[in-house]
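The values are calculated or read from the model by the stated rules, or taken from the named source; none is laboratory data. This is a predicted model, so every value here is computed, not measured. We place every Cβ from the backbone using ideal geometry, glycine too, and count neighbours over all the protein chains shown.
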Amino acid sequence: MTAPFKNHLERQDMFRSEDEVVANMMCTVAMGREAAVGKFRLGGAGETTLRAQRTDGKPFHADPVYTDIEKTLARLAEKLKVDEGDTGRFINPFLTNVFRRFKVDSITLSHPLGGCRMAHDVAQGVVDEFGRVFDKTKQHEEQKWYNGLYIADASIMPTALGVNPSLTIAAFALRIADKIIADLDHVEAEFERVAAFAIPTGVQPAKTRLL
Ligand SMILES: Cc1cc2nc3c(=O)[nH]c(=O)nc-3n(C[C@H](O)[C@H](O)[C@H](O)COP(=O)(O)OP(=O)(O)OC[C@H]3O[C@@H](n4cnc5c(N)ncnc54)[C@H](O)[C@@H]3O)c2cc1C
């Protein structure tokens, strides 16, 4: 339909395959660290189950990190220009004007962190540095945690890292696993001590490993 109004001797854009479309595109990934002040709450009537919003009331997409990234990319685009007249710029597929026109500004997250953040105490977070979950009723006791309850995933990161998180998540998981093993050794020693009292003299308690 459009060919007669453009160039009927050339194949029109709409017939280009996906491979042809992306052949002239350069994908650039920009990373930055946003304020990390999001807070989850359970949804009320008529809402989705889990709601998230910033504690400072700003929309997530209004974080200054996105403006800074756009400025940096604009400088890069300037360097990539072939001709002086080029108006080339990078398009953010997650924050485009199309979405803005429909008033559905949103941020796509591939590195969600901090749902059960690590902190010094229960007022600031959910777990301590070994992933032990704080027990609110034991705030002033030496043992402030639920016995045997640990969290060992990305949710314990207290803030945005600014880099891909998998290795850090794995490092935390290893540290927590070491701590669990150390704590179980203590439990095992205690178990053997109690078993020695409970079992009649002359009978050896079975060797039991708890892992
Ligand atoms: C598209 C994409 C690309 C990414 N690229 C990178 C990258 O290049 N480098 C990098 O470092 N990081 C990357 N990440 C981030 C990284 O993958 C995550 O941050 C990391 O996997 C989070 O680890 P996790 O253990 O906390 O959660 P997950 O890996 O999501 O593990 C959670 C597990 O819990 C299970 N689960 C959930 N609910 C329940 C339930 N109720 N009962 C039982 N099980 C449950 C899930 O099935 C899942 O197995 C990427 C993420 C995405 C989505």
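Just to be sure before I move on: is residue 123 more than 10 Å from the ligand (Cβ to nearest atom) and small (Gly, Ala, Ser) in the structure I sent?
Details: more than 10 Å from the ligand (Cβ to nearest atom): yes; small (Gly, Ala, Ser): yes.
Criteria met by residue 123.
Could you identify the single residue in 177, 154 that is touching a Pro at 6+ places or on another chain (Cβ under 9 Å), of a type in the set (A, V, I, L, M) and at pLDDT 90 or above?
Details: 177 fails: touching a Pro at 6+ places or on another chain (Cβ under 9 Å).
After ruling out the rest, the residue left standing is 154.
Being within 15 Å of the ligand (Cβ to nearest atom) and either basic (Lys, Arg) or assigned to a loop (DSSP other than H, G, I, E, B) (or both) is the filter here; which residues of the range 126-158 pass it?
126, 131, 151, 152, 153, 157, 158
Can you pull out the residues in the range 159-177 that are outside any loop (DSSP other than H, G, I, E, B), among the hydrophobic types (A, V, I, L, M, F, W, C) and more than 10 Å from the ligand (Cβ to nearest atom)?
First pass over the range 159-177, keeping only residues outside any loop (DSSP other than H, G, I, E, B): 166-177.
Retained after the next criterion (residues that are among the hydrophobic types (A, V, I, L, M, F, W, C)): 167, 169-174, 176-177.
Selection gives 171, 174, 176, 177.
A quick yes/no check of all residues on (1) closer than 25 Å to residue 72 by Cα; (2) in contact with a His (Cβ under 6 Å, 6 or more places away or on another chain); (3) not assigned by TED's automatic domain parsing to the domain that holds residue 68:
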| position | (1), (2), (3) |
| --- | --- |
| 7 | no, no, no |
| 10 | no, no, no |
| 15 | no, no, no |
| 19 | no, no, no |
| 25 | yes, no, no |
| 30 | yes, no, no |
| 42 | no, no, yes |
| 45 | no, no, yes |
| 48 | no, no, yes |
